[in-house]
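Before any comments, here is the structure.
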Amino acid sequence: MTDVAATRPYGVLGRVLGHSYTPTIYKELAGLEYVRFEREPEDLQAFMTGDEWEGTNVTIPYKRAVMEYLDELSPLAERMGNVNTITRLPDGRLRGDNTDYFGFQCLVEELGVEVAGKKALVLGATGGAGTTASMVLGDLGAIVVPVGRTSEVNYDNIAQQSDAALLVNCTPAGMFPHCPDAPCTLEGLNALEGVIDIVYNPARTGLMLEAERRDIPCIGGLLMLVAQAAQAVERYTGQVTPRERILDVTERLSRREQNIALIGMPGSGKTRVGEQIALLTGREHIDLDRALEERLGMPCADFIVESGEAAFREQETAVLAGISKCSGLVLSTGGGVVTRDENYPLLHQNSQIVMLNRKLDELAHKGRPITARDGIDKLAEQRMPRYRAWADYIIDSRDCAANTAQTLLDTLPPAL
């Protein structure tokens, strides 16, 4: 590697890149500093013929446009007709490759569904991701059925494909902030053995949530993003990333991006523990009741007294729907959030849900009209089974909020 090459960055080329997990992934996989190369179409030629970068990933809208500037293509990129990784060879020539194929193949393998000879429905099959998924599945021996708005098999008649073993979403439907939306329902697809959704934000899309409810194995798209990056690193540096390392980075990145949502009895310390977690992790803390009070223009207790609990719960769900789709937060919920079934998927889509378990005789009562009305024992009888059912982790309260927060963080699996 020349001195110049050693100082040139790697990055990703696109038009509008915004927030991206990719720099974190490359830093974690190979210690590479990774740059966002945002370029307008009129600037593409100067970028491609210049020497400011050593290697780059390519995203929309340039996966095809860059091909005219390349000196050679890998057999796979030539077959796929698009490029997502460009390597600068030692003699300065540019080589185009495609690592999305490997990324999607990892998704199929990790899901564990044997697809050979089975029907696979691919939503958005004509798009860039859809053509990649279709090619991988075809190579694995699947019978690929494209699904689109105007296709022979479309979202209105998809239920007729009752013998399909796999459904793959390659559309952006259900991606943040339009979550937990879904492009279709799984109703009628009774032979499904697995669901793949290449959307990776939120952690669990609307399709994945429905698959979970139906006990169908499912997987999101974050692994594809990390795996394709790992193969790009191999193209750039020759460094091979073991599959175990790819899976580990995927899991830890997912945990970093997911919220930590606190549930538990009224007065169990969710707000103070949430504040301590935020101090320890640098995450933003949001208290659902405080957000509700901003929306309502009055204290929650006053609204419950004036308008009733049912009206309050509707407002609570509306606020939760907006907050819970975000990433990387600490969210302290109200004690009654578990009383509405529809709140669980809102939390579960992008959160690690933690129940704070505090002794009933230690719970705070002041300013809690529902507690005053029903009593702690009755509330506990109604809600404790739901807290435990919703929780991914249960943490017993310690002598202070700071120690409870530290215990919680020590219990959660590590994140990036």
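The values are calculated or read from the model by the stated rules, or taken from the named source; none is laboratory data. For clarity, every value in this text was computed on a predicted model and none was experimentally measured. For neighbour counting, all protein chains shown are included, and Cβ atoms are generated from backbone atoms with ideal geometry for every residue, glycine included.
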Practice item. Please enumerate the residues belonging to the range 160-188 that are within 13 Å of Ala211 (Cβ to Cβ) and of a type in the set (Asp, Glu). Key: Glu187
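Can you confirm whether Thr250 is hydroxyl-bearing (Ser, Thr, Tyr) and either free of Cβ contacts under 8 Å to residues at least 40 places away in the same chain or in the same structural domain as Val58 (by TED's automatic domain parsing) (or both)?
Taking the combined requirement at face value, the residue satisfies it.
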Review point. Taking Asn350 and the conditions (1) within 24 Å of the chain's Cα centre (by Cα); (2) surrounded by fewer than 16 Cβ atoms within 10 Å (Cβ to Cβ), which numbered condition does it fall short on, given that it satisfies the others?
Key: (2)
Exercise for review: Go through the range 55-78 and give me each residue that's part of a loop (DSSP other than H, G, I, E, B) and at pLDDT below 95.
Suggested key: Thr59, Ile60, Pro61, Tyr62, Lys63, Arg64
Check your understanding: If we only count strands (runs of 3 or more DSSP E) wholly inside the range 79-171, which ones have 1 or more residues that are modelled with pLDDT of 95 or more, of a type outside the set (Phe, Trp, Tyr) and closer than 29 Å to Gly238 by Cα?
Key -> 85-88, 94-97
Check your understanding: Do we find that Glu234 is of a type outside the set (S, T, N, Q) and more than 30 Å from Ser74 (Cα to Cα) in this structure?
Key -> no
**Study point:** Filter result (aliphatic (A, V, I, L, M) and under 22 Å from Gln349 (Cβ atoms)) within the range 391-408
**Key:** Ala391, Ile394, Ile395, Leu408
Review point. Which of the residues that make up the range 287-309 are assigned to a helix (DSSP H, G or I), over 25 Å from the mean Cα position of the chain (by Cα) and under 27 Å from Leu360 (Cβ atoms)?
Key: Asp289, Arg290, Leu292, Glu293, Cys300, Ala301, Asp302, Phe303, Ile304, Val305, Glu309
Check your understanding: Across the range 48-80, what is the total count of residues that are free of Cβ contacts under 8 Å to residues at least 24 places away in the same chain and among the small types (Gly, Ala, Ser)?
Key -> 2
Review point. Only one residue in Glu28, Glu52 is modelled with pLDDT under 95, part of a loop (DSSP other than H, G, I, E, B) and either surrounded by fewer than 20 Cβ atoms within 10 Å (Cβ to Cβ) or not assigned by TED's automatic domain parsing to the domain that holds Tyr200 (or both). Which one?
Key: Glu52
Review point. How do the helices (runs of 4 or more DSSP H) wholly within the range 327-412 filter down when requiring 2 or more residues that are basic (Lys, Arg) and modelled with pLDDT under 95: which remain?
Key: 376-390
Point to revise | the range 237-264, subset small (Gly, Ala, Ser) and buried (at least 17 other Cβ atoms within 10 Å of the Cβ), residue nearest to Tyr387 (Cα to Cα) | key: Gly264
Check your understanding: Restricting attention to the range 314-326, which residues are of a type in the set (S, T, N, Q) and not in a loop (DSSP other than H, G, I, E, B)?
Key -> Gln315, Thr317
